[in-house]
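The structure appears below as structure tokens.
The values are calculated or read from the model by the stated rules, or taken from the named source; none is laboratory data. Model, not experiment: these values are computed from the prediction. Note that we place each Cβ from the backbone using ideal geometry, even for glycine, and neighbour counts take in every protein chain shown. Ligands, DNA and RNA are stripped out before the accessible areas are found, and what is left, the full protein with its side chains, is counted by its heavy atoms. Shrake-Rupley method; radii C 1.70, N 1.55, O 1.52, S 1.80 Å.
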Amino acid sequence: MTDRFDCYYCRDNLHGKKYVKKEEKHVCTKCFDKLCANTCAECKRPIGADSKELHHKNRYWHEDCFRCAKCYKPLAAEPFSARDDGKIMCGKCGSREDGNRCQGCYKVVMPGSQNVEYKNKVWHEECFTCFECKQPIRTQSFLTKGDDIYCAPCHDKKFAKKCFHCKQPITSGGISYQDQPWHSECFKCHTCHKPLAGARFTSHENNVYCVDCFKTDVAKKCHGCKNPITGFGHGTNVVNYEGYSWHEYCFNCKKCSLSLANKRFVINGEHIYCPDCAKKL
């Protein structure tokens, strides 16, 4: 006599029939589908004994239902990622969904693609462009102004101080004269072109001169001693009268040599006299 081999639930004899072993219990396919089958996380229908079942972290799918939630690619034999919201995605769609977004075009920066990272932000290499000229910066140096990024030439052109002489940007160094910036190489004598940084100089009509060239080419000549009135050292003070100029120390009475600066005087020909000496002429 043969021992009975029955379904745990309906007690139908399982000899010669298809059955499923579930937790050490033998179950006919009909009872398995009705009482034991897991529910597919995608289609919400039972995963029957005749279906191939896939599972991941206590969730179950029909093989045909295990697809990327974005592109619907079958994932039974492909790499996949499970998102916190329960969606299953292929590697490509998962990277697009979860990856860093480019600060230029706001599209996902795919892993392994050429990109630029700066201050915890990321750009496609071709999107990391100068705010001014719109050209990709790539391997060039760059500077920032607020949230905007500039290549070095555009930054210098837009923000660097411009030389008072040549009007070009001063990118490094430079000197300041009368609150105006100059390139060191531009701050030179207008006549002989000798560099004036650290040297004595003076200016005339927006041009600067070394002491020698100023004396020779620019300075007025004293009507008394005929030497240049430079404004340097002794002779800083000047007396001007009817188109003539004198060093203050040269503005003296021709006869008695009395200094006439800030005093009354008399002009006789090309000479000056104090009032007393003028009476004796």
Answer yes or no as to whether PRO181 is open to solvent by 80 Å² or more (accessible area, probe 1.4 Å) and touching a strand residue (DSSP E or B) at 6+ places or on another chain (Cβ under 9 Å). no
Hey, can you tell me all the residues within the range 261-281 that are closer than 14 Å to CYS222 by Cβ and surrounded by 18 or more Cβ atoms within 10 Å (Cβ to Cβ)? ILE272
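Where in the range 1-80 are there strands (runs of 3 or more DSSP E), lying wholly inside it, with at least 1 residues that are among the hydroxyl-bearing types (Ser, Thr, Tyr) and over 60 Å from the mean Cα position of the chain (by Cα)? Walk me through how you get there before you give the answer.
Numbers: elements: 19-22, 25-28, 53-56, 59-62.
Once the strands (runs of 3 or more DSSP E) in the range 1-80 are filtered for at least 1 residues that are among the hydroxyl-bearing types (Ser, Thr, Tyr) and over 60 Å from the mean Cα position of the chain (by Cα), what remains is 19-22.
For the range 126-137, what are the residues that are farther than 14 Å from TYR150 by Cβ and either surrounded by 17 or more Cβ atoms within 10 Å (Cβ to Cβ) or within 14 Å of the chain's Cα centre (by Cα) (or both)? Don't jump to the end; show me each part of the working.
Going through the range 126-137, the residues farther than 14 Å from TYR150 by Cβ turn out to be 126-127.
Once the filter is applied, which keeps residues that are farther than 14 Å from TYR150 by Cβ and either surrounded by 17 or more Cβ atoms within 10 Å (Cβ to Cβ) or within 14 Å of the chain's Cα centre (by Cα) (or both), the range 126-137 yields only CYS127.
For the structure I just gave you, tell me whether LYS167 is outside any strand (DSSP E or B), closer than 30 Å to ASN252 by Cα and either modelled with pLDDT under 80 or among the basic types (Lys, Arg) (or both).
Considered against the rule, which asks whether it is outside any strand (DSSP E or B), closer than 30 Å to ASN252 by Cα and either modelled with pLDDT under 80 or among the basic types (Lys, Arg) (or both), LYS167 comes out as no.
Between GLY94, GLY104, which is at pLDDT below 85, under 30 Å from CYS127 (Cβ atoms) and either in contact with a Lys or Arg (Cβ under 8 Å, 6 or more places away or on another chain) or open to solvent by less than 100 Å² (accessible area, probe 1.4 Å) (or both)? Show your work before the answer.
On the way: GLY104 fails: at pLDDT below 85.
Criteria check complete, one pass: GLY94.
Considering only residues that are assigned to a helix (DSSP H, G or I) and open to solvent by less than 60 Å² (accessible area, probe 1.4 Å), which ones fall in the range 184-213?
Of the residues in the range 184-213, the ones assigned to a helix (DSSP H, G or I) are 211-213.
Scanning the range 184-213 gives VAL211, CYS213.
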Test: ASP84 is open to solvent by 60 Å² or more (accessible area, probe 1.4 Å), out of contact with any His (no Cβ under 7 Å at 6 or more places or on another chain) and closer than 30 Å to CYS40 by Cβ: yes
